[in-house]
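Here, each number is a calculation from the coordinates, and none is a lab measurement. Keep in mind that what you see is a predicted model, and the values were worked out from it rather than measured. Note: ideal-geometry Cβ built from the backbone for every residue, glycine included; neighbour counts use all protein chains shown.
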Amino acid sequence: MTNDECIEKAKEFYAVLLSDFAAAQADYLADDVCWENPLPDNIPFGGIYYGAEGLLEYLVGINDAIEMSPLHFTDIIANDHVVSLIGVEENTLVRSTDKYYTMPFVHVVRFNAEGKVEHVREYNDTREMVAAFG
C-alpha cells in the first residue's frame, strides 16, 4: 500500500470501528491484532488487548466508563505501512463522575502486508482525563 492508501484505510478503519465492530473485524483487523493503551491506574480500560475479542473487550470497557465524542484528527502522517493519527478527544464525559475532559492524543497504526491493522499504540496526554476520573 502507498502512504496515501494507508492514510485512507486508517481513516476508514476508525469510522467503521466505532460504528460497526463486525465489519471492522472482517474488513480491517488482522487475526492477531494488538491494541495498546497504557493509562494511569485510575482509568479502568487501560492495557494491552490481543485479537478481536480483546479489542471488543477494550471497546466495551471504554463505553462503560465514558461517553466519547467522535475523535478529531488534526494531522495524519504515513510512512511505510505505519500511520500516525494526531488529534484531540474533546468533551468526553466520565460516566462515574459526570465530569468532562479534553485530551490530545497520537495513535500509531501499523498495517501488515495484507493491509490489515496488526498493531495500534495510543499515546495520550492524560492530565485532564485523570482529573475527570477523580
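Would you call V60 aliphatic (A, V, I, L, M) and more than 13 Å from the chain's Cα centre (by Cα)?
When the stated conditions are applied, V60 does not pass them.
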All-but-one check, P104 against (1) closer than 29 Å to A22 by Cβ; (2) outside any helix (DSSP H, G or I), failing number (1)
Since E57 meets every condition but one in (1) over 20 Å from A22 (Cα atoms); (2) out of contact with any Asp or Glu (no Cβ under 6 Å at 6 or more places or on another chain); (3) not β-branched (V, I, T), which condition does it not meet?
(1)
Scanning for something within 21 Å of F13 (Cα to Cα), free of Cβ contacts under 8 Å to residues at least 40 places away in the same chain and touching a His at 6+ places or on another chain (Cβ under 9 Å), does segment 40-50 turn up at least one residue?
no
Any residue in segment 1-14 that is part of a loop (DSSP other than H, G, I, E, B) and of a type outside the set (V, I, T)?
yes
From the option list V33, V106, single residue qualifying as aliphatic (A, V, I, L, M), within 13 Å of the chain's Cα centre (by Cα), surrounded by 17 or more Cβ atoms within 10 Å (Cβ to Cβ) and closer than 26 Å to M1 by Cα is V33
For segment 92-99, does any single residue satisfy the condition of being outside any strand (DSSP E or B), in contact (Cβ under 8 Å) with a residue 40 or more places away in the chain and surrounded by 17 or more Cβ atoms within 10 Å (Cβ to Cβ)?
no
So I48, is it out of contact with any Lys or Arg (no Cβ under 8 Å at 6 or more places or on another chain), of a type in the set (A, V, I, L, M, F, W, C), surrounded by fewer than 16 Cβ atoms within 10 Å (Cβ to Cβ) and outside any helix (DSSP H, G or I)
yes
Please work out which residue is surrounded by the fewest Cβ atoms within 10 Å (Cβ to Cβ), limiting yourself to segment 62-76 and to residues that are without any contact (Cβ under 8 Å) to a residue 60 or more places away in the chain, in a strand (DSSP E or B) and not polar (S, T, N, Q).
D75
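Taking segment 15-45, which residues are hydroxyl-bearing (S, T, Y) and either within 18 Å of V108 (Cβ to Cβ) or part of a helix (DSSP H, G or I) (or both)?
At the first step, the residues of segment 15-45 found to be hydroxyl-bearing (S, T, Y) are 19, 28.
Correct list: Y28 only.
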Candidates Y50, Y28, Y101 - the one that is in contact with a Ser or Thr (Cβ under 6 Å, 6 or more places away or on another chain) and among the aromatic types (F, W, Y)
Y101
Within segment 118-134, residues being touching a residue at least 60 places away in the same chain (Cβ under 8 Å), more than 16 Å from Y58 (Cα to Cα), aliphatic (A, V, I, L, M) and buried (at least 16 other Cβ atoms within 10 Å of the Cβ) number 1
